[in-house]
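Asks: Input: one structure, supplied below.
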Amino acid sequence: MNKREIVSDARKEYLKNQKHRKIFVISMRILIFVLFFAIWQLLASLNVINVFVFSSPIKIIQTLGDLVASGNLFYHIYITFMEAFVGFVIATALGFLIAILLWWNDRLREILEPYIIILNSLPKIALGPIIIIWFGAGTNAIIVMAILIMIIITIISQMNAFLACDKDKILLMQSMGASKFQILTKLIIPHAKDEFLSVLKINVGMTWVGTIMGEYLVSKAGLGYLIVYGSQVFKLDLVMTSVLILCLLAGVMYGMVCLLEKLLNKK
């Protein structure tokens, strides 16, 4: 057996193990999901938990059917997903561009860094009344709230990733006559790819926090509106149904980010 055959067999064994591991992970995820709802329904059926307070999977399915029958479900899902997605894209793109600007200009970064840290520590919900006055009681205010939740952490994470690039590599490119723009595009941004993908994953969660926070304050439609309305009239089945739909939408958006990650890693 020559070296090529040994390497080939080792590669096949590695791929086989990776496939089995992936199947195991997916199976465990499905099992946890099924067990969670099965135990939940069992506790509800045995009256161990108060169904009025905690609801149950069967009641959630019934509520979901009622929302579909009324024709309101997909409208509310569309409103919330659109607000979250627009906020996600704007905050990520704007935060990335600001991080580039701060990397590009050292003096500007030194001036603005304390203000960025202070803004990051500020509870964004405190700005709710101001946002409503400035942008109106509608979709724009909700999107702005989502952007504020994400943009500072995006700036800080990306800026730190840019600054963490190997200084020796930067000096090498400078010695070869590379411009600052060439260093940015050929070295800094590619070096920060993994951090950018991590920021995207963080923003998936943060955009839903900001969107629902905004809908709590001002919405007339959307899943946040359903949660608020359900809690006000003590329809906790509606609240739990809306929360589970939010989890599903967050999972869909996370899947989109994972797909983007695979595409970028293939290059």
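Asks: Would you confirm whether or not the range 122-134 contains a residue that is without any contact (Cβ under 8 Å) to a residue 40 or more places away in the chain, closer than 25 Å to residue 257 by Cα and either in contact with a Cys (Cβ under 9 Å, 6 or more places away or on another chain) or open to solvent by 60 Å² or more (accessible area, probe 1.4 Å) (or both)?
Replies: Among the residues of the range 122-134, not one is without any contact (Cβ under 8 Å) to a residue 40 or more places away in the chain, closer than 25 Å to residue 257 by Cα and either in contact with a Cys (Cβ under 9 Å, 6 or more places away or on another chain) or open to solvent by 60 Å² or more (accessible area, probe 1.4 Å) (or both), which makes the answer no.
Asks: Tell me which residues, restricted to the range 43-60, are among the aliphatic types (A, V, I, L, M) and surrounded by 14 or more Cβ atoms within 10 Å (Cβ to Cβ).
Replies: 43, 44, 49, 51, 58, 60 - these are the residues of the range 43-60 that are among the aliphatic types (A, V, I, L, M) and surrounded by 14 or more Cβ atoms within 10 Å (Cβ to Cβ).
Asks: Looking only at the range 216-227, count how many residues are modelled with pLDDT under 85 and either in a helix (DSSP H, G or I) or touching a Phe, Trp or Tyr at 6+ places or on another chain (Cβ under 8 Å) (or both).
Replies: So the count comes out to 5.
Asks: Sticking with this one: For the range 93-113, how many residues meet the condition of being open to solvent by 70 Å² or more (accessible area, probe 1.4 Å), of a type outside the set (A, V, I, L, M) and either out of contact with any Lys or Arg (no Cβ under 9 Å at 6 or more places or on another chain) or within 15 Å of residue 206 (Cβ to Cβ) (or both)?
Replies: Final tally of qualifying residues: 4.
Asks: Continuing with this model, one more query. Based on this model, can you work out whether residue 177 counts as open to solvent by less than 20 Å² (accessible area, probe 1.4 Å), modelled with pLDDT under 90 and not acidic (Asp, Glu)?
Replies: It is false that residue 177 is open to solvent by less than 20 Å² (accessible area, probe 1.4 Å), modelled with pLDDT under 90 and not acidic (Asp, Glu).
Asks: Has the range 63-77 got at least one residue that is out of contact with any Leu (no Cβ under 7 Å at 6 or more places or on another chain), charged (D, E, K, R), open to solvent by less than 70 Å² (accessible area, probe 1.4 Å) and within 27 Å of residue 211 (Cα to Cα)?
Replies: No, the range 63-77 contains no residue that is out of contact with any Leu (no Cβ under 7 Å at 6 or more places or on another chain), charged (D, E, K, R), open to solvent by less than 70 Å² (accessible area, probe 1.4 Å) and within 27 Å of residue 211 (Cα to Cα).
The values are calculated or read from the model by the stated rules, or taken from the named source; none is laboratory data. The structure presented is a predicted model; accordingly, all values stated were derived computationally and were not measured. Note that we place each Cβ from the backbone using ideal geometry, even for glycine, and neighbour counts take in every protein chain shown. Quick note on the areas: whole protein, heavy atoms, side chains included, nothing else; ligands and nucleic acids left out. Shrake-Rupley method; radii C 1.70, N 1.55, O 1.52, S 1.80 Å.
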